[in-house]
Amino acid sequence: MSYNYRSNVVNSEQMRRIEGAIFASGMPVAALMEKAALLTAQQLKKSYSLANFPKIGVIVGPGHNGGDALVIARELHLAGYQVSLFCPIAKLKDLTAQQANYVKHLGLIFQKTLESLEDCQLIIDGLFGFGLERTLSADIAELVDKINSWQKPVISIDIASGIHTDTGEVLGTAIKATHTFCLGLWKRAFFQDLALPYLGKVELIDIGISPLDLETILQDSPPILRVNPDLIRPYLPLPRPLLTHKYQQGHLLIICGSRRYAGGAILAGLGARGSGVGMLSIAVPAALKSLLISHLPEALIIDCPETATGAIAELPLELNNYHVLACGPGLTTENPAIIAQVLDSDKPIILDADALNILAQFGIEKLSSRQNKTILTPHWGEFKRLFPHLSDSQDRINITQKASQQSGAIVLLKGARTIIASPEGKMYIIPESTSALARGGSGDVLTGLIGGFLTQMQDNAPEATALAAYLHAQAGILAAKERTELGVDGVTLANYLFAALKDLN
Ligand SMILES: NC(=O)C1=CN([C@@H]2O[C@H](COP(=O)(O)OP(=O)(O)OC[C@H]3O[C@@H](n4cnc5c(N)ncnc54)[C@H](O)[C@@H]3O)[C@@H](O)[C@H]2O)[C@H](O)CC1
Ligand SMILES: [K+]
């Protein structure tokens, strides 16, 4: 796969090793700080004009994050901003102390109290970066809480101080930034749901890390990649071959629905429609047949015998006649036998919703006898039932990876930042989404969409999953832009998939 290093997501240890490799090859530490901070200052000046933000307060920490803050303070001062500094920890690292001396020479003032910064229009947080290693002490926590209580725009350098760079955990308390400039490479915390409320708008400052240095450090661990159009465009099943027919484009079977939850079946079908899959069959309880036909005239609707309460009683089908099976939306947990039948098939399967709840009853060991790929798409509640031993941790990147390794399945953990891990070690993160998707029905659309793409790109199952999750999020974003976050019901979401696809192509 070809990807730009801007797609890589690293942990603090990898970032430190990359930095170490750069320094060891001759780049002076001070030069890299100067470069990162100058680029950040340039962006800052663009987004926060002197006219609107004439007075800026800068919080300076003891390490190189504080050093960055001092270089930025210097540049803003030279550009005409009125800059006040506050440095709560006396002992500074050498380079930071040198930067402090120089700004003093330029006439910048280190204030004695934090309160002296209260009349600033903007606060820059250079307290801690990826070197934060323990919970904030009571006095520092008090300062952070005070800054948050001012409700001013706060710009964090590299990461909001108080947030753990890898897990995204809040170490006691943390700066609630309105905007964070991440330096060099994306850190894991930027994709941990826990940290999102503290990071505000996020932006990467490209400091020009060489792919050489990156590859040397990252070669031992499979990359975690932030999905973007360039990354997944090569996998898109477009353009279609000139000479093809519907079965060559793949045949997906969705097993879904119950009398109680008929809508989930329709939405999964509409999601599959959005993938352009060649042939779509949908197995539902008999009572739902005419309803499904009216919504999805292009699909083959298979009416299954049903239980007294209207769930599928049995699947009178040869499952191996289909290329891919997607199973779960609206199913109810009444009939575990059909999930056992799906697990026994030797085709790729996607399990969602009640199929996951039934799998949790069986236990994930049940997946070990499968001959083909399995994709699990849990939200947090389903994840906890499937992997109870992993759910004490809030480090979603880490536990998705472990869940995939332990189950042998591709695991897609839904959230504000959806994480995808494959058992061979691939990891994809969906970098943006909208809370419009936190709504009943949007998951059903995703199941159908993954099914549809997997049918067309079976050799690239992790990428099919990532492509579907990315388009799903983008469709939500596009729909919310036009209709607000309250206006994105499942049918609307499915109708925006083509627009997201068009943008990608
Ligand atoms: N990698 C890059 O591309 C660049 C990064 N830069 C900046 O450097 C920081 C990392 O700097 P470092 O000095 O290693 O760490 P910090 O500034 O985050 O702070 C560490 C400092 O603070 C002490 N400390 C840690 N935890 C606590 C605590 N809870 N309470 C009090 N003190 C604490 C620790 O002992 C250290 O002294 C990175 O984020 C970037 O901003 C470079 O400038 C350029 C390129
Ligand atoms: K910071």
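The values are calculated or read from the model by the stated rules, or taken from the named source; none is laboratory data. Computed from a predicted structure; not experimentally measured. Glycine also receives a Cβ, built like all others from the backbone with ideal geometry; neighbour counts cover every protein chain displayed. When the accessible area is computed, the model is the full protein with side chains, heavy atoms only, and any ligands, DNA or RNA have been set aside. Shrake-Rupley method; radii C 1.70, N 1.55, O 1.52, S 1.80 Å.
For the stretch 178-226 and the stretch 1-36, compute the distance between their C-alpha centroids and round to whole Å. Cα centroid to Cα centroid, the span is 10 Å. With all protein chains kept in place, the per residue accessible area of the chain amounts to 40 square angstrom at a probe of 1.4 angstrom. Relative contact order for the chain: 12 percent, from Cα pairs under 8 Å spaced at least 6 residues apart, divided by residue count. By the rule of a C-alpha distance below 15 Å, with chain neighbours fewer than 8 residues away ignored, the aspartates and glutamates paired with LYS93 are ASP68. Could you work out how far the C-alpha centroid of the stretch 99-132 sits from that of the stretch 370-437, in angstrom? Each part reduced to its Cα centre gives a spacing of 41 Å.
Placing unit charges on the Cβ atoms of the charged side chains and taking the dipole of the stretch 183-271 about its Cα centre, the candidate lying farthest along the positive direction among GLY257, ALA189, GLY271 is GLY257. If you average the sequence gap of Cα pairs under 8 Å that are 6 or more apart and divide by the length of the stretch 297-384, what percent do you get for the contact order? It rounds to 24 percent for the stretch 297-384. With +1 on each Lys and Arg Cβ and -1 on each Asp and Glu Cβ, and nothing else charged, work out how big the dipole of the stretch 186-338 is about its Cα centre, in Debye to the nearest 20. The dipole of the stretch 186-338 has a size of about 400 debye. Roughly how many Å is it from the Cα centre of the stretch 286-330 to that of the stretch 137-168, as a whole number? Measuring centre to centre over Cα atoms gives 52 Å. For the chain, the longest principal axis of the Cα atoms and the long axis of helix 29-47 meet at an angle of about 70 degrees.
Put simply, the C-alpha atoms of the chain give a gyration tensor, and the ellipsoid matching it has half-axes of 49, 22, 21 Å, longest first.
Per atom type, the stretch 171-298 shows carbon and sulfur on 58% of its accessible surface, probed at 1.4 Å.
Evaluating 6.51 cos²θ - 1.76 cosθ + 1.60 at θ = phi - 60° for every residue in the stretch 322-329, the Karplus couplings come out as 9, 7, 9, 10, 10, 9, x, x Hz, glycine and proline recorded as x.
Per DSSP H run of n ≥ 4, the term is -39500 (n - 2.57); total these for the chain, divide by its residue number, and report the mean residue ellipticity at 222 nm rounded to 500 deg cm²/dmol.
Values: 17 runs with 199 residues, N = 505.
The per-residue figure over the chain is -12000 deg cm²/dmol.
With the cut-off at 20 Å, tell me which of the pairs LYS426/LYS502; LYS347/LYS384; LYS55/LYS112 have Cα atoms farther apart than that. In this structure, LYS426/LYS502; LYS347/LYS384 exceed 20 Å between Cα atoms.
Could you list, in their original order, any pairs among LYS289/LYS373; LYS366/LYS414; LYS152/LYS201 whose Cα atoms are separated by more than 19 Å? Long pairs (Cα-Cα over 19 Å): LYS289/LYS373; LYS366/LYS414.
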